[in-house]
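One structure is given below, encoded as structure tokens.
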Amino acid sequence: MSNKKYCKNCKKEVLGRSDKKFCDDYCKSQFHYKKLTDEELPFYKKVDNQLKLNRKILKSFNRSGKSIIRAKTLIKEGFNHNFFTHYWKNQKGDVYFFNYEYGFLKKKENGIDKYILITHQNYMSR
């Protein structure tokens, strides 16, 4: 009496131990990768991914430490201003939102939405 087992990934016959589920390490890895990509990301992972994307975008457009850019340019890259890690309020009352060390402030100039981009400075921690 033989109980044949088949690989969960490629469906080939599995030889070896009775509790073996995959024919080799490649099939095991591929099965788990497919399983991860098929499942919907948990909420915290989606938030983390957006925060990291925001940081990457802000970093790429703010090489000098302070710059001004049109909002539609950032949005086109995938920036979402609703995701930020913390905020800082300056003496004028403007609230800068930060994605890690890169901050942004939304302003309207001549009817055009723009962002002022800054890099975190030591005095902002006080």
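The values are calculated or read from the model by the stated rules, or taken from the named source; none is laboratory data. Small disclaimer: the values here were computed from a predicted structure and weren't measured. No Cβ is skipped: glycine too gets one built from the backbone with ideal geometry, and neighbour counts run over all protein chains shown.
Kindly establish whether K92 is without any contact (Cβ under 8 Å) to a residue 12 or more places away in the chain and closer than 30 Å to Y123 by Cβ. Walk me through it before giving the result.
On the way: without any contact (Cβ under 8 Å) to a residue 12 or more places away in the chain: yes; closer than 30 Å to Y123 by Cβ: yes.
It is true that K92 is without any contact (Cβ under 8 Å) to a residue 12 or more places away in the chain and closer than 30 Å to Y123 by Cβ.
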List every residue pair whose Cβ atoms lie under 6 Å apart, where the two residues are 6 or more positions apart in sequence or sit on different chains, the first residue falls within segment 110-126 and is within 12 Å of W88 (Cα to Cα), and the second residue, located anywhere, is part of a strand (DSSP E or B). I118/K66; I118/G103; M124/W88
Name every residue in segment 65-85 that is without any contact (Cβ under 8 Å) to a residue 24 or more places away in the chain and of a type in the set (A, V, I, L, M, F, W, C), in order of residue number. I75
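Of the residues that sit in segment 53-64 and are without any contact (Cβ under 8 Å) to a residue 24 or more places away in the chain and under 11 Å from F79 (Cα atoms), which one is surrounded by the fewest Cβ atoms within 10 Å (Cβ to Cβ)? Walk me through it before giving the result.
Within segment 53-64, the first condition is being without any contact (Cβ under 8 Å) to a residue 24 or more places away in the chain, and the residues that meet it are 56-57, 60, 63-64.
Going one step further and asking which of them are under 11 Å from F79 (Cα atoms), we end up with 56-57.
Values: K56: 15, I57: 23.
Checking each candidate, the answer is K56.
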If we keep only residues of segment 101-126 that are in contact with a strand residue (DSSP E or B) (Cβ under 9 Å, 6 or more places away or on another chain) and among the hydroxyl-bearing types (S, T, Y), then the residue farthest from L74 (Cα to Cα) is S125
Quick one: count up the residues across segment 65-79 that are surrounded by 15 or more Cβ atoms within 10 Å (Cβ to Cβ) and either on the phi > 0 side of the Ramachandran plot or more than 19 Å from the chain's Cα centre (by Cα) (or both). 2
Test: residue in segment 31-49 that is surrounded by 13 or more Cβ atoms within 10 Å (Cβ to Cβ), modelled with pLDDT under 95 and farther than 30 Å from N122 by Cα: yes
Looking at N90, N110, N82, which one is of a type in the set (S, T, N, Q) and surrounded by 10 or more Cβ atoms within 10 Å (Cβ to Cβ)? N90
Can you run down the residue pairs with Cβ atoms below 8 Å, 6 or more apart or on separate chains, where the first is in segment 36-50 and in the same structural domain as F84 (by TED's automatic domain parsing) and the partner is part of a loop (DSSP other than H, G, I, E, B)? V47/F83; N49/L41; Q50/N80; Q50/F83
